[in-house]
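Below is one structure, written out as structure tokens; comments come after it.
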Amino acid sequence: MSRPSPERYENAKHVTVRYWAAARAAAGLSEEQVPAGTLAEVLDEVRRRHADGDRFAEVVAMCSVLVGDTPVNTREPASVVLEAGATVELLPPFAGG
């Protein structure tokens with residue numbers, strides 16, 4: 001019987017946050033692992049992690065948010081529960097689209 005890799009076990013209680021365009025530039029990375037919880041908790045955590053960034057919070061505030069392939073739209077972030085292994089996409093407005 002094989003054991004799960006340490007990386008897989010470590011990420012088992014996390015979600016992946018992916019940054020696109022200006023959000024990627026503001027974060028300085030394309031994605032990261034954040035403890036699972038509500039969307040509000042995840043957004044608070046990434047803001048805390050990137051608090052030293054000049055524009056990070058401003059850019060994230062403008063982003064459309066997808067959980068998996070589903071837009072969050074106007075749902076309250078505290079009401080959006082993120083299961084371990086979920087993916088949160090932060091998409092800033094794009095020119096021309």
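Checking THR38, THR87, THR74 one by one, the residue that is surrounded by fewer than 15 Cβ atoms within 10 Å (Cβ to Cβ), of a type in the set (Val, Ile, Thr) and modelled with pLDDT of 95 or more is THR87 and no other.
Annotation note: Cβ proximity below 9 Å between a residue of the stretch 7-31 that is within 15 Å of VAL67 (Cβ to Cβ) and a residue that is of a type in the set (Phe, Trp, Tyr) and at pLDDT 95 or above (sequence gap 6+ or interchain) occurs for GLU31/TYR19.
Among residues of the stretch 45-62 that are surrounded by fewer than 11 Cβ atoms within 10 Å (Cβ to Cβ), those with a beta-carbon under 8 Å from a residue that is part of a helix (DSSP H, G or I) at least six positions away or on a different chain give the pairs ALA51/ALA57; ASP54/ALA26. Of all residues in the stretch 50-61, those satisfying the criterion of being closer than 14 Å to ARG24 by Cβ and out of contact with any Lys or Arg (no Cβ under 9 Å at 6 or more places or on another chain) are HIS50, GLY53, ARG55, VAL59. Pairs meeting the criteria (first residue in the stretch 71-91 and under 20 Å from ALA27 (Cβ atoms), second residue aromatic (Phe, Trp, Tyr) and not in a loop (DSSP other than H, G, I, E, B), beta carbons under 6 Å, at least 6 apart or on different chains) are LEU90/TYR19.
Residues that are acidic (Asp, Glu): find the strands (runs of 3 or more DSSP E) completely inside the stretch 28-97 holding 1 or more of those. Let's see the steps before the verdict.
Working: elements: 31-35, 64-67, 87-91.
Strands (runs of 3 or more DSSP E) meeting the threshold: 31-35, 87-91.
Quickly run through the stretch 64-97 and pick out the residues that are touching a Phe, Trp or Tyr at 6+ places or on another chain (Cβ under 8 Å) and under 22 Å from HIS14 (Cβ atoms). Talk me through it step by step, then tell me what you get.
Quick first cut of the stretch 64-97, residues touching a Phe, Trp or Tyr at 6+ places or on another chain (Cβ under 8 Å) only: 89-92.
GLU89, LEU90, LEU91 - these are the residues of the stretch 64-97 that are touching a Phe, Trp or Tyr at 6+ places or on another chain (Cβ under 8 Å) and under 22 Å from HIS14 (Cβ atoms).
Whether any residue in the stretch 45-52 is charged (D, E, K, R), more than 17 Å from GLU32 (Cα to Cα) and modelled with pLDDT under 95 is what I want to check. Talk me through it step by step, then tell me what you get.
Residues of the stretch 45-52 that are charged (D, E, K, R), as a first pass: 45, 47-49, 52.
Within this subset, residues satisfying the condition of being more than 17 Å from GLU32 (Cα to Cα) are none.
Scanning the stretch 45-52, I find no residue that is charged (D, E, K, R), more than 17 Å from GLU32 (Cα to Cα) and modelled with pLDDT under 95, so the answer is no.
The values are calculated or read from the model by the stated rules, or taken from the named source; none is laboratory data. Since this is a predicted model, take the numbers as computed values, not measurements. With ideal geometry, Cβ positions are generated from the backbone for all residues, glycine too; neighbour counts draw on all protein chains shown.
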